[in-house]
Amino acid sequence: MNFDPFNELGGGSALRFDEGQQDDYCLPVASHSPETERLDYIHEVYKYHAGNIPDEVAALLSDGKLRKILDVGCGTGKWALEMIEAFPNIHITGVDLAHPPITVFPPNFSFEIHDVTKGQEYDDDVFDVVHVRDIHAGMPDYLEMLIECVRVLRPGGYLLVKEIEWVPAVLDGSNAQERFPAICAGSFRDALSERFLDPLVGVNLESYVDNVSGLCDVHYTRHMVPMTPWSDDPILKYTGQMTRLAMAILGGTIRIMLLDHGESDPDGRYAAGIEELKDLSGQPIWYFGSVVARKKGELSVPELEAELEGYSQEMEKEKGETGWIGDED
């Protein structure tokens with residue numbers, strides 16, 4: 001496997017701009033290669049460890065009714081496209097500050113340019129599911145973002161959240177900093193903090209969600225992922241390979257931010273990190289947290305379905321009274 005991720009570092013990264021100003025998200029746009037590939041590699045990791053959605057949400061989306069989903073920070077759109085393929089009766093609205101690398105959108109997938117740091121642009125109680133994944137690197141007030149997600153969620157609807165922990169570890173519990181000094185260097189976390197972003201959202205995800213009112217049936221899970229394909233388990237070996245490929249791109253992803261932070265040689269440090277990841281004996285790991293929660297209340301029939309049902313009942317009533325349905329005079 002070729003680990004030479006630094007071929008694009010000289011050109012820097014394509015950062016995102018909102019109305020002429022760089023937005024708080026300090027990583028490249030999802031449609032910029034190789035960032036597209038990095039995000040898709042991590043998508044595979046999340047899918048194989050936690051699934052795109054839990055079983056209870058799959059049951060909801062399979063009930064034959066039109067269900068609306070909001071994908072907050074939809075990135076490359078890969079999660080949304082897979083969801084639409086699996087559940088054709090749903091409609092997904094993806095929001096981000098840059099277009100995903102999709103040339104033709106399916107009819108039940110709409111995309112909107114929207115800065116969620118300024119709140120959601122939707123009415124209360126609109127969506128059956130709100131999906132949030134790995135947006136803490138652009139979210140100065142993560143708690144307020146979650147509160148807004150719950151506001152637009154319909155009673156009985158589901159909030160799904162996944163966030164990475166930027167704290168590498170070693171499977172045997174030994175000192176990761178000593179064994180993998182380049183990987184464990186804290187300059188990226190420091191750079192996020194310098195921008196008033198919380199680098200430990202993933203570590204504290206359960207606490208963040210616990211501070212959001214109006215939720216019930218909250219389930220938090222912490223997932224362990226290999227950083228390299230050291231495991232004999234097929235799934236862990238695959239997600240370890242996906243992680244190592246993603247890490248090989250990460251150096252270019254965060255290069256500009258680290259230079260802005262004052263790191264003198266980010267290229268050299270990440271080259272050293274890639275060398276560390278070639279060693280399969282060390283068994284480095286990382287974690288991400290996932291939350292499934294439900295908004296308090298009973299989930300009613302979707303508004304459009306209710307309108308159609310009401311119209312159908314009205315037509316049946318008119319037909320029963322007159323024996324036929326005609327236009328009004």
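General remarks:
- At 0.890 mPa s and 25 °C, Stokes D of region 218-289 from Kirkwood alpha-carbon radius, µm² per second: 183 µm²/s
- Percent of Cα-Cα distances greater than 15 Å, calculated over region 168-212: 58 percent
- Distant-in-sequence amide H partners of Ile102 (H built 1.01 Å from N, under 5 Å): none
- For region 217-298, the set of GluC sites (Glu not before Pro) satisfying both a DSSP loop assignment and a count of at most 15 other C-beta atoms within 10 Å is given as Glu298.
- Between the amide H of Phe127 and those of Leu153, Arg154, distances stay under 5 Å, these residues lying 5 or more places away or on another chain, with hydrogens modeled in the peptide plane.
- Shape category assigned to region 148-195 from the gyration tensor of Cα positions, a/c cut at 1.5: oblate
- In the full protein context, region 134-223 carries 42 Å² of accessible surface per residue, based on a 1.4 Å probe and ignoring ligands, DNA and RNA.
- Note on region 74-165: Kirkwood hydrodynamic radius from all Cα pairs is 13.8 Å, rounded to one decimal.
- When Rg and the Kirkwood Rh are both derived from Cα coordinates, the Rg/Rh ratio for region 146-232 amounts to 1.06.
- Solvent-accessible surface ranking, highest first, for Trp230, Trp79 at 1.4 angstrom: Trp230, Trp79
- Probe 1.4 Å - accessible area at Phe111, Å² to nearest ten: 40 Å²
- Residue-by-residue Karplus 3J(HN,Hα) for region 123-131, coefficients 6.51, -1.76, 1.60, Hz, glycine and proline x: 5, 5, 6, 9, 9, 7, 9, 10, 10
- HN-Hα J in Hz across region 266-278 - Karplus 6.51, -1.76, 1.60, θ = phi - 60°, x for Gly and Pro: x, 5, x, 5, 6, 5, 5, x, 5, 4, 5, 6, 7
- Here the alpha carbons of region 29-70 define both size measures, Rg and Dmax, at 14.1, 38 Å.
- Computed with a 1.4 Å probe over protein heavy atoms only, the accessible area of Tyr122 comes to about 40 Å².
- A convex hull fitted around the alpha carbon atoms of region 84-238 yields 170 Å³ per residue.
- Kirkwood Rh, angstrom, region 211-260 [1 / mean 1/r, Cα pairs]: 13.7 Å
- For Phe111, the residues whose modelled amide H falls within less than 5 Å of its own, excluding neighbours fewer than 5 places apart on the same chain, are Gly94.
The values are calculated or read from the model by the stated rules, or taken from the named source; none is laboratory data. Predicted model only: the values in this text are computed from it and were never measured. Here the Cβ is made from the backbone with ideal geometry for all residues, glycine too, and neighbour counts use every protein chain on show. Side chains are part of the model used for accessible areas, which takes the heavy atoms of the whole protein and leaves out ligands, DNA and RNA. Shrake-Rupley method; radii C 1.70, N 1.55, O 1.52, S 1.80 Å.
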